[in-house]
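The structure appears right after this line, and notes come after that.
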Amino acid sequence: MSAMQNSDMEQLVVDLLDDQRTKLEDYFAARGARLESLIWSPTTADTDQPILRFLIEYWDRLRDGDLLPPANAVSPFDLKPALGHVLLIDVLDDGWNGRFRVYGTKVAETYGRDMTGRLLSDIDGGNYASIFFRSLYRASWLRKASYYSHHYPPAHVAVESWQRLALPLAGADGQVSRFLACNIAGRWRPPARPPVKPAGPGTAA
C-alpha cells in the first residue's frame, strides 16, 4: 500500500472515531459513491434485513453485560440462518488488517472469488472501498463496538448497494481478536449498453 493510501486510512480512522459524518460522506462522494448509513452499536431497529437482525440478536445473546462475546463462543451451527453471507475475520496488526477465516459463498459469488485465507488488504487492490472498510475495522477495534453500514458504489459497479455488519469478538485478554461480519449485496445493475452510433451516408438504418 502506498504512503498516500496509508495516510488516507489514518485520516479516515480519525474521522470515524470523531463521527465526522460530513467528511465521511465527502470521501464517498468524491469517488462517485454514496454513504447512506453508518451506525455504531446498531440494534435490530436499524436495518430491515432479516439476516442482519438475526446476527445482531445472536451477538447480543452471547454478551455478558457490557463485555464483548468471546470469539470461541460462536458456533457455525448457530449461524445457519445467515450462512453464505457470514465472514469471520481474524484481527491482525491491531485492527489495521485481518485474515478471512470464513468467507461466505454468497459474498464470494457476488465478489467473484473466494477470499478464505486471504487478507483484508488483498481486496480490490486498495481501492476507495477497501481503504474505507479497513479503516472502519480499525476504528471498530479501537472502540470495541459493532457497526452497520449501507453504501451505494459508483455507477459502473455491477452491484447497486452493499449493507455491512461487523460484530467484534474478544480473545482471552478481552481485546478484539475476531469479527463476525456479514455483507448483503443489493440488486444487480443491468449492463450498460454501448452508445448507438448515428447512421452515416450509405449505412443501413
Task: Rounded to 10°, Cα long-axis angle of helix 50-62 versus longest principal axis of the chain - done: 20
Open item on the list: Run lengths n ≥ 4 of DSSP H only: what is the helix-derived mean residue ellipticity at 222 nm for the chain, with -39500 (n - 2.57) per run over all residues, to the nearest 500?
Closed with: -9000 deg cm²/dmol
Task: Angle between the chain longest axis and helix 3-17 axis [Cα atoms, degrees, rounded to 10] - done: 60
TODO: Just name one of LEU83, TRP40, ILE51: the one whose Cα is farthest towards the positive end of the charge dipole of the stretch 1-124 (beta-carbon charges, Lys/Arg +1, Asp/Glu -1).
DONE: LEU83
- [ ] Pop a pseudo-label 7 angstrom from the Cα along the beta-carbon direction at both ALA172 and ASP18 and give the gap in nm to one decimal.
- [x] 3.9
TODO: For the stretch 17-150, just the Cα atoms, rotate onto the principal axes and tell me the three extents in Å, largest first.
DONE: 41, 32, 31
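Using the number of other C-beta atoms within 10 angstrom as an exposure proxy, rank SER7, SER130 with the fewest first.
Working: SER7 10, SER130 18.
Ranking SER7, SER130 by Cβ neighbours within 10 Å, fewest first, gives SER7, SER130.
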Open item on the list: If the elastic network links every pair of Cα atoms under 10 Å, which of PHE77, PHE133, PHE179 fluctuates the most in the Gaussian network model of the chain?
Closed with: PHE77
Open item on the list: Only Cα pairs within less than 10 Å get springs; with that Gaussian network setup on the chain, which residue of ASP114, ASP46, ASP93 has the largest fluctuation?
Closed with: ASP93
Task: Normalised alpha carbon radius of gyration of the stretch 116-189 [divisor 2.2 N^0.38 Å] - done: 1.20
TODO: Could you give the size of the charge dipole of the chain about its Cα centre, using +1 on the Cβ of each K and R and -1 on the Cβ of each D and E, expressed in debye and rounded to the nearest 20?
DONE: 760
Open item on the list: Can you tell me the orientation of helix 128-143 relative to the chain, as the angle in degrees between its alpha-carbon axis and the longest Cα principal axis, to the nearest 10?
Closed with: 10
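No value in this document is a laboratory result; all are computed from the given coordinates. Model, not experiment: these values are computed from the prediction. FYI the Cβ positions are ideal-geometry reconstructions off the backbone, even for glycines, and counts take in every protein chain you see.
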